[in-house]
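Q: Structure below; questions to follow.
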Amino acid sequence: MSTTIQTVTLSSKGHFGRNVPPKAFGELLRAIPDAIRLSVRMAFESRSRATGKLPKWLAPASDIRFLDHGGHDETFLHFEVPRLGDAAAEIYRQQELWPTRPDPEDTGFDLLGDVISDVAASDVDSERFDRPLLRQIERFSRGLNGTFQRLAFPGNRFSQAQPVVINSAVIGAASKLCHGTPEPQQTRVAGKLDMIRSSTNTFAIKLKDGQDIHGVLNEGKIADFKGLLEQNVLVLGKAVYRPSGKLLRIDADHVSAAAEWDQFFSTIPKPKRSRFDLRGVLREQQHKNGMTAVFGKWPGNETDEQIAAALREMS
């Protein structure tokens, strides 16, 4: 398998070089491979996490190995990483009908870099992240917590002069995008089954107005439905949205031949409501006493990182 060496640079006011504080250093060594694994899956399946058995290609495609670290001022981390074209060869061998595959020369760091670029730009229409991946980006705050201030790395599309950068601004942008993403909701959508890709269990349907919707079959094999290609189908599942409110994908539980009356559902499902705005509640609390501004509004599913980011913004 073709591999390459990837160097990550950590910057700190303490100029630690090789002599790093173990806690923050350890948090980053945990965060990096997790973020890469979710970024790789997102690039191929349009989802970063799912229940059930992991696809066979995911482990080798996201298998990064920490080699060593060094430096005299900044801290350099050296990883051995596989090229995707070799690590996920079964995917690249399949005929491409839906041109979304990464460059085969890319590594997981390149895909993470693409994600960070869209997060840093606060791209609410990006197809490169979903809520679990945004939460993973937030977890870099456990290592970039004042001990280290900045993590950077180059790649195929990112030069040494303009590397990918993860810092407090990027983490804050990820938190804001995560908060702004509507909740997934159950839906049914009818359209022509336009594409299936067995290696990633993904598919696309074309609505009667010409718009394309991408989806992933949660259980079973999408190849079992190849007899329905170019036919009208009904997809039952969960609509997953981007921060803008536009549809990102459908996590499908069932695909079947559509009846004539199912064409009523040949529209893109709209999100029912926005997600809970923690920052808005905290702003309101500034003008009210204690729990008055929060009671009855807080759903209780915010992460520690999201709460901390919101409180920092309000301070």
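The values are calculated or read from the model by the stated rules, or taken from the named source; none is laboratory data. All of these numbers come straight from a predicted model, not from anything done at the bench. Surface accessibility is based on the protein's heavy atoms, side chains included, excluding ligands, DNA and RNA. Shrake-Rupley method; radii C 1.70, N 1.55, O 1.52, S 1.80 Å.
Q: Can you bin the range 1-124 into rounded, prolate or oblate? Criterion: square roots of the alpha carbon gyration tensor eigenvalues sorted a ≥ b ≥ c, rounded for a/c under 1.5, prolate for a/b above b/c, oblate for the rest.
A: Numbers: a/c = 2.18, a/b = 1.81, b/c = 1.20.
It comes out prolate by the Cα gyration axes.
Q: Quick one: with all protein chains in place, what share of the accessible area of the range 142-226 is carbon or sulfur, to the nearest percent (1.4 Å probe)? The partial results should precede the final answer.
A: Working: 1720 of 3810 Å².
After summing per-atom areas, the C and S share lands at 45 percent.
Q: Per residue, how much accessible surface does the range 197-243 expose to a 1.4 Å probe? Answer in Å², no decimals.
A: Values: 2130 Å² over 47 residues.
Accessible surface, normalised per residue, equals 45 Å².
Q: Need the C-alpha centroid separation for the range 208-277 versus the range 63-129, integer Å.
A: Taking the Cα centre of the range 63-129 as reference, the centre of the range 208-277 is 28 Å away.
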